[in-house]
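The structure under discussion appears below in the form of structure tokens.
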Amino acid sequence: DMQKSLTTAVLIGALFAIRMPCGAATPSLTTLYSFPGPNGAFPEAGLVLHNGALVGTAYTGGNGWGTVFELSPPTPPATAWTPTQLYAFTGQNGDGANPRAGVIFSSHGAIFGTTEQGGASGYGTVFSLTPATGGTFTQKVIYSFTGQGGDGANPEAGLVLSPKSGVLYGTTNAGGTAGYGTVFSLTPVAGGTWTEKVLYSFAGAPSGCGTTGNPACDGANPLGALTLSSSGTLYGTTYGGGGVGWGTVFQLAQAAGVWSETVLYSFNGAPSGVNGGTACSTTTQPPCDGGAPAGNVVLNAATGALYGTTTLGGQPTGCPLGGYEQGCGVVFQLTPPTPPSTTWTESLLYTFAGPPSDGMFPTSNLVYAPTGGTLYGTTFAGASSGDACFPEIYTGCGMVYVLRPPTPPSTTWTKTTMAAFNVHIGGGPNGVILSPTGGLLYGTTYVGGTSGGYGTIFQLTF
């Protein structure tokens, strides 16, 4: 599991100065908070901005099983942001443990999230934090996954909330009827309880799938959060499965109360031909493609296009992992079909080159800014060839980048590195969020900081 191997690495990080194109202001990166360990450590997810404060999760710390935290902005003349531990998971008596994903807020200020472990059966939970008097929160496990009888297990992604129905949607990495993960819903009912339903169980890619008389090649093991369209359609990715095992982008749509899944695209990866077969290239078949998406897809509401990243793939000669050339990852676009066609069209907007100057392994969510159609994202590693945040095969500490759409007649997207992490401040960024006022990005790093290397919260001004 690529994602697990990255996030269990021992990392240290810091920032170094970079140059921007002429005429552009140099982005300024500031560490707002360094996790101390006991009150939170090793955040694996991004943030949400709520009433001016930053809210997120840490995978460990607290009671040892992770926390939900809030970081409030300073009141001048103070300059330091104020951390508050909203909840510390116990991992005992049915409580959750080890959140890998971020949280979301309801319109009433309630917080919802998932934990990968814990719960009544040990297969993870969905939890809520409800505002109480005095600025405190009351925590409740609203569902414990059983991992049995077709139920899901071990959710690694966060949730999405339907503003119309109040229903929560999410994925589990494992469980389901075939063991390859699920898409589930949680519907609120009277008395403050919730009803869970497995909307879909992934079938994976069994031997011979996709050939005559055999089942279709389905996705397997989703890691990224879902995206909900205004029409109620769900979009997501699976890390594995598909036609050749490099993951998929899928759609889940409801008609007359029945949910149906469609694989919109199966990634082909970037075969190197080292172990036989034909190496991919840009001019011959098979083309070099992305592989193993670990983040979500974002929706361009105006065009219906989807944007996302794959952790691996691109050019097979870069970013060796365990001695195997598999590529540094890509940013991709999926364009919806023009009737009568029913096939979505994939194109690679950018292929990461890895060290010495480019990033590698984009594992987290993208941010789409409708004004200008700009994409913001992070790579978990890369951007330098001289940093020690990762084991030797994960050179560099990661970066924040911006990808701008082409200006006709050009058809090429332009990628710019906004900040590159190095040995002393942060390593392994977990995506970014964009301030509604623009000009500010916020995020977390998995490690680094001034309190023992347990991770940071950063701000990037541009």
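Take H424: with every protein chain present and a 1.4 Å probe, its accessible area is about 140 Å². Atom-type composition of the exposed protein surface of the stretch 145-237 places 53 percent of the accessible area on carbon and sulfur (1.4 angstrom probe). Largest accessible area first, the residues R404, R100 order themselves as R404, R100 under a 1.4 Å probe with ligands, DNA and RNA left out. The gain in end-to-end length when the L440 to S357 segment is fully stretched comes to 27.5 nm, 0.36 nm per residue minus the alpha carbon separation. Residues whose amide H lies under 5 Å from that of T414, counting only those 5 or more places away or on a different chain, are R404; hydrogens are built 1.01 Å from N in the peptide plane. Applied to the stretch 356-370, the Karplus parametrisation 6.51 cos²θ - 1.76 cosθ + 1.60 on θ = phi - 60° returns per-residue 3J(HN,Hα) values of x, 10, 10, x, 8, 6, x, 9, 10, 5, 8, 10, 10, 9, x Hz, with x for Gly and Pro.
Mind running the shape call on the stretch 274-371? Use the C-alpha gyration tensor, a ≥ b ≥ c as the square roots of the eigenvalues: rounded below 1.5 for a/c, prolate if a/b tops b/c, oblate otherwise. Cα axes put the stretch 274-371 in the oblate bin.
Around the amide H of G453, modelled in the peptide plane, lie the amide H atoms of G448, all under 5 Å away and 5 or more residues distant in sequence or on another chain. Sequence-ordered 3J(HN,Hα) estimates for the stretch 96-101 from the Karplus curve with 6.51, -1.76 and 1.60 and θ = phi - 60° stand at x, 7, 6, x, 9, 10 Hz, glycine and proline given as x.
For the stretch 99-134, list residues with backbone N below 20 Å from a point placed 7 Å from the Cα of A53 toward its Cβ? Correct set: 99, 101-114, 127-134. Taking 18 Å as the cut-off, the amide N atoms of the stretch 213-257 that come nearer than this to a point 7 Å along the Cα-to-beta-carbon line of A302 belong to 230. The heavy atoms of L226 offer some 20 square angstrom of accessible surface to a 1.4 angstrom probe.
Label sites at A80 and S229, each approximated as a point 7 angstrom past Cα along Cα to Cβ, lie 4.9 nm apart.
Counting only protein heavy atoms and a 1.4 Å probe, the chain has 40 square angstrom of accessible area per residue.
Roughly to the nearest percent, how much of the accessible area of the stretch 256-387 is carbon and sulfur, given a 1.4 Å probe? All intermediate terms of the calculation are to be shown ahead of the outcome.
Values: 2840 of 5180 Å².
The nonpolar share, carbon plus sulfur, comes to 55 percent.
Of the options (1) 153; (2) 161; (3) 245, only one is volume of the Cα convex hull per residue in Å³ as computed from these coordinates, and that is (2). The stretch 135-198 and the stretch 404-440 have Cα centres lying 32 Å from one another.
Taking the helices alone, the chain has a mean residue ellipticity at 222 nm of -500 deg cm²/dmol, built from -39,500 (n - 2.57) per DSSP H run of at least 4 residues and averaged over all its residues.
Of the residues K140, K415, ranked by 1.4 Å probe accessible area with the largest first, the sequence reads K140, K415.
Label-to-label distance, N63 versus R404, with points set 7 angstrom from Cα along the beta-carbon direction: 5.0 nm. Between T343 and Q285, what FRET efficiency comes out of the Förster formula 1/(1 + (r/R0)^6) with R0 = 22 Å and r the beta carbon distance, rounded to 0.05? The computed FRET efficiency comes out at 0.80. Each of A353, G94, S451 was scored by the projection of its Cα onto the charge dipole of the chain, and the greatest displacement toward the positive side belongs to S451; charges sit on the C-beta of Lys, Arg, Asp and Glu.
If R0 equals 51 Å, the separation of the Cβ atoms of N93 and A369 corresponds to a calculated FRET efficiency of about 0.70. How many angstrom lie between the Cα centre of the stretch 304-381 and the Cα centre of the stretch 52-92? Taking the Cα centre of each part, the stretch 304-381 and the stretch 52-92 sit 31 Å apart.
Note down the magnitude of the dipole of the chain about its Cα centre, charges +1 on Lys and Arg C-beta and -1 on Asp and Glu C-beta and zero elsewhere, to the nearest 20 debye.
Details: 8 positive and 16 negative charges, 129 e Å.
For this selection, approximately 620 debye.
With R₀ fixed at 41 Å, the C-beta to C-beta distance from S162 to C209 puts the FRET efficiency at about 0.80.
The values are calculated or read from the model by the stated rules, or taken from the named source; none is laboratory data. All figures in this text were calculated on a predicted structure; none of them were measured in a lab. Counting neighbours? That spans all protein chains shown, and the Cβs are built from the backbone with ideal geometry, glycine included. Please note that ligands, DNA and RNA were not included when accessible areas were found on the heavy atoms of the full protein model with its side chains. Shrake-Rupley method; radii C 1.70, N 1.55, O 1.52, S 1.80 Å.
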